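To start, the structure under review is shown below, and the notes come after it.
The values are calculated or read from the model by the stated rules, or taken from the named source; none is laboratory data. Just so we're clear, the structure is a prediction, and the values are computed from it rather than from any experiment. Glycine also receives a Cβ, built like all others from the backbone with ideal geometry; neighbour counts cover every protein chain displayed.
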Amino acid sequence: MKDPDILNVAYTRFNEADANNSWQGKYEGREIKIHPFWVDANYVSLMGLKVIEGRDFSEDMTTDLNQAIILNQTAVRQFGLESPVGKKLFGRTLIGIVQDFNYQSLYHKIEPLGLIPLTGVNKANVKISTRNVTATLSFIEKQWKALSPDYPFEYHFLEESYAQLYESEKKSSVLFNFFAFIALSIACLGLFGLASFSAEQRTKEIGIRKVLGSTVSNIVILLSRSFMKWVLFANLIAWPIAWYAMNKWLQNFAYRIDLTIWPFLWSGFIALLIALFTVSWQAIRAATTNPVEALKYE
């Protein structure tokens, strides 16, 4: 803490609540169960957790170490605890309630959690400044080796740990983007070929229309309109399928957004723009052809 780039330090027994372990007890004749998370007095402030009732652990309160416990909102709500601060739970005194926070991935619901003052240290959670990360890490490693030479210095960033929880989603995103690009490229090539064929088939018609006073924009709209209606029709088929697939995927998450119509409208609008851009180049080329040459076309 003497280093100005060390903002806060808190110790824990593990990196997160032990989801495989649980404490069971009784409160007013009801069975209650929580997942224990061993932390020190600085953990709540370091992680920015909000104490909504009661108080945080205090190093000045010697009784906190062996007699205190803090619960999250889910534990209080799930077990129907009313005004529980100051009451005995699991042989300890409940001193505070913290606002719910996700300590697992968003695939899992927040479960009843109890913060327990630790008696043994496994992990040091260090909040550092971003000004000079490399030098700060070197300083921490030097202190670690001086204080604990028998254990290797290993570290990771919390952001990286949480990012790993969604590694499969990242890989899926890359794959979907790649295949979407391939599909769009093939579709655009097909559209371009169809537009070229259509323009060639209607060369004489285009020439006659130009002689009769049609403008370039009129002819471009004429050639593009037939393709646009099929793109719209394709969107009407794709939207229900996409909604069903995305909704099924979102069901895997305990915490998720609700699908709205806007992503589908935007995707349809972008698809129309891509199709229009692909077709319009060939349409403009056909529309600007000399009508005399077009009338000679067989």
Completion exercise
Checking Glu59, Glu28, Glu53 in turn, the sole residue that is in contact (Cβ under 8 Å) with a residue 12 or more places away in the chain, loosely packed, with under 14 Cβ neighbours inside 10 Å and either of a type outside the set (D, E, K, R) or out of contact with any Phe, Trp or Tyr (no Cβ under 9 Å at 6 or more places or on another chain) (or both) turns out to be Glu59
Exercise for the section: Output the residue which, of all residues in region 16-34 that are in a loop (DSSP other than H, G, I, E, B) and among the small types (Gly, Ala, Ser), is farthest from Val121 (Cα to Cα). Expected result: Gly29
Exercise for the section: Mind listing just one residue for me: the one in region 93-127 that is among the aliphatic types (A, V, I, L, M) and part of a loop (DSSP other than H, G, I, E, B) and, of those, surrounded by the most Cβ atoms within 10 Å (Cβ to Cβ)? Expected result: Leu118
Problem - Complete set of residues in region 141-175 that are of a type outside the set (Phe, Trp, Tyr) and part of a loop (DSSP other than H, G, I, E, B) - result: Ser148, Pro149, Asp150, Pro152, Glu154, His156, Leu165
Completion exercise
Those residues of region 35-92 which are in a loop (DSSP other than H, G, I, E, B), modelled with pLDDT of 90 or more and acidic (Asp, Glu) amount to Asp40, Asp56
